[in-house]
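The values are calculated or read from the model by the stated rules, or taken from the named source; none is laboratory data. Just so you know, these numbers come straight off a predicted model, no measurement behind them. When we count neighbours, we look across all protein chains shown, and the Cβ atoms used for this are built from the backbone with ideal geometry, even at glycine.
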Amino acid sequence: MKHCSSIVNLRNCQNINNEIVDNLDLSSVEAIDLFNSNISVENLSQILKKAQNLKKLNLIGYKNFNDEIKDDLDLSSIEELDLSYSNISTENLGQILKKSRHLKKLIIEGCEDIETNINQVIEYLIDTRVTEVLIDRIDTLVESKLNDVLYKNKKLEYSRRMAVGEVLSRREGGNLNYNCVKRILNYMRYNPQDHVREDDNVYDKDARAVFDYMDECRTEENKNKNKNKNK
């Protein structure tokens with residue numbers, strides 16, 4: 001079953017079984033609406049694996065979150081995630097944020113455990129790409145702390161884009177040299193131990209672009225050194 005639309009509407013579907021999931025072609029889908037669905041974590045995982053270009057996921061009212069999400073859910077491409085009124089726990093949200101390397105907007109209204117542990121959630125959000133969070137019933141001080149984290153994330157994201165853009169421009173004939181790249185890395189706090197994910201051992205996409213360029217610079221420098229030695 002191939003979906004030509006970039007949006008798949010599975011709202012209120014209560015019988016999404018293995019056979020249905022196996023027959024779905026979600027390769028071009030960018031948004032999936034699973035509002036009030038009772039899909040199992042296993043079948044949700046299979047849907048996410050099929051939807052490699054997925055940007056937006058609606059899980060409003062989803063009640064099947066459990067410890068299996070630590071390993072099963074691939075959310076690496078998601079940019080907007082709505083978990084409102086679901087049974088997501090604070091710990092599971094932390095696991096999701098680790099996997100969601102491109103997440104920008106997070107909606108967590110009506111999530112009881114998260115509202116109780118909002119300060120821990122804010123800690124999980126530090127140095128992610130999330131710049132917008134919708135949540136209800138938080139006091140002024142907590143809201144100020146949350147906004148501060150989101151603002152810093154926004155500044156960090158801007159730094160990432162600027163730095164990688166300059167690096168790539170060097171490949172187009174710019175004049176950014178190896179030392180400049182190292183300074184950018186220091187400024188952005190990019191280093192291998194920070195950007196290799198423990199769960200899947202994959203580099204952050206932007207960091208990888210910078211490291212690839214640095215490897216090219218090293219190779220070029222070594223070639224020049226060898227040429228000078230042979231003269």
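Numbers below:
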| read-out | value |
| --- | --- |
| When residues of the range 92-109 are limited to those that are under 8 Å from the mean Cα position of the chain (by Cα) and under 14 Å from E123 (Cα atoms), the one surrounded by the fewest Cβ atoms within 10 Å (Cβ to Cβ) | K98 |
| Which listed residue, of L44, L97, L57, is in a strand (DSSP E or B) and in the same structural domain as E123 (by TED's automatic domain parsing) | L57 |
| Filter pass, S28 being more than 17 Å from the chain's Cα centre (by Cα), modelled with pLDDT of 90 or more and closer than 30 Å to N153 by Cα | no |
| Identity of the residue in the range 126-153, among the basic types (K, R) and assigned to a helix (DSSP H, G or I), that ends up farthest from K55 (Cα to Cα) | K145 |
| Qualifying residue in the range 106-119 (condition: in a strand (DSSP E or B) and outside the structural domain of K152 (by TED's automatic domain parsing)) | yes |
| Scan of the range 102-153 for residues that are basic (K, R) and in contact with a Lys or Arg (Cβ under 9 Å, 6 or more places away or on another chain), ordered by number | K104, K105, R129 |
